[in-house]
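Below is one structure, written out as structure tokens; comments come after it.
The values are calculated or read from the model by the stated rules, or taken from the named source; none is laboratory data. These numbers were taken from a predicted model, which means no experiment stands behind them. Using ideal geometry, Cβ is built from the backbone for each residue, glycine included, and neighbour counts are taken over all protein chains shown. In case anyone asks, the SASA skips ligands and DNA or RNA and just uses the protein heavy atoms, side chains included. Shrake-Rupley method; radii C 1.70, N 1.55, O 1.52, S 1.80 Å.
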Amino acid sequence: VLEFSVHDLKERREKIGIDFKLFDGAENFEEVYNIMRENIFALLKERMRITRLGGQIWNKVSPIPIFSSTMGDCIKNKKDYTAGGGKYRDDSLKFFGFPIVVDSLMAIKQLVFESKKYTLDEFLNAVRNNWKDNENMRIDAIHCNGWGDGSAASCELASRLQNDLFDMCGRLTGTYGGRVLMGHFGYTEVRFWGEKTLATPDGRHNGDYLAQGLTPSRLKKIPFATDVINSISALDKTTMASGCVVNIILPSDRINTDICEGFIRTVADSSIGSLQLNCTTKEQLLDAQKHPEKYPDLIVRVCGFSARFTALSPEWQQEVLTRNYYK
């Protein structure tokens, strides 16, 4: 949605049949934010329309009797879950790219409408040209407040966006008439979709990695993991019934069991639904690339799965190496 809000992708808009609005012409940040919000809701409505259409044929082509036998009321109603027999009919949507959207909106807010360092046209044109000849502007965008830095500015915007997403889902109808819940999750899309996504206002180039779940963008060199936890704690956890995923790498050369325990207990009090924790250092991983025989049991959490670092492809090793390494 962010990509369509920035880039004039007329052919793609016509192909998918959603008339996304562009940020062009917005006179203040509220207009930019409202365009983004309206574009998101347009996509969500279309997504659930298609999902409901599919739900009408699932019981004919792919019933799930074993699952249905464990779901309340299916046996009593003598209906498969895919035929609407279940007591619980909630759907869930997994949002992907929340940190990129927050950072992009923050950059526009601070550089265009607060400091007025650039006009909206100048800023959008730089993004559309993949920041060519605008490296200083790109650096300014990266240095704006952003998701995970714990600042009041980014936490306020992120909380607002999160609450709006939750409200949008509350106005949708699920596949079988139930609620639509939400969460933040990503898998190998950090690379797969990142490679296909054009530049964004947060400073990303065409094809750069995206952020996974609620994991801060790797463009933001956030020094402390506690800043990330404070940012996530600013979100209302009751709005994320479908969970969220966060990647954090702690320094193995400065961690003991007491610190690790305290960190995990702190995470448990936040809104983090799924913590993907690594304890290593960038130096250790770089050395493992050069001398894999020395690290046969160095395990890293990638995205939804763990693997020996030395067994990963060079592309996935590089993805891990470019992440944030906290103090």
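What percentage of the solvent-accessible surface of the chain, computed with a 1.4 Å probe over protein heavy atoms, is contributed by carbon and sulfur atoms? Carbon with sulfur: 52 percent of the solvent-accessible area. Summed over qualifying helices (DSSP H, 4 residues or more, each -39500 (n - 2.57)) and divided by its residue number, the chain shows a 222 nm mean residue ellipticity of -13000 deg cm²/dmol.
Within the same chain, lysines fewer than 8 places from Lys87 are excluded, and of the rest, those with a Cα less than 19 Å from its Cα are Lys76, Lys78, Lys79. Estimated at the nearest 10 Å², the accessible area of Leu321 is 10 Å² with a 1.4 Å probe. Dipole check for the chain: with +1 at the C-beta of Lys and Arg, -1 at the C-beta of Asp and Glu, and the Cα centre as origin, the magnitude is about 1180 Debye. Judged by the gyration tensor of its Cα atoms, with axes a ≥ b ≥ c, the chain is oblate; a/c meets the 1.5 cut and b/c is at least as large as a/b.
Does region 1-131 classify as rounded, prolate or oblate by the C-alpha gyration tensor (a ≥ b ≥ c root eigenvalues; a/c under 1.5 gives rounded; else a/b over b/c gives prolate, otherwise oblate)? Prolate is the answer for region 1-131, as a/c is 1.5 or above and a/b outweighs b/c. Rolling a 1.4 Å probe over the protein heavy atoms leaves Ser313 with an accessible area of roughly 40 Å². Considering only Cα-Cα distances, which of the following residue pairs are longer than 20 Å: Lys10/Lys116; Lys117/Lys221; Lys45/Lys109; Lys282/Lys327; Lys10/Lys196? The answer is Lys10/Lys116; Lys117/Lys221; Lys45/Lys109. Protein heavy-atom accessible surface, 1.4 Å probe, per residue over the chain: 50 Å².
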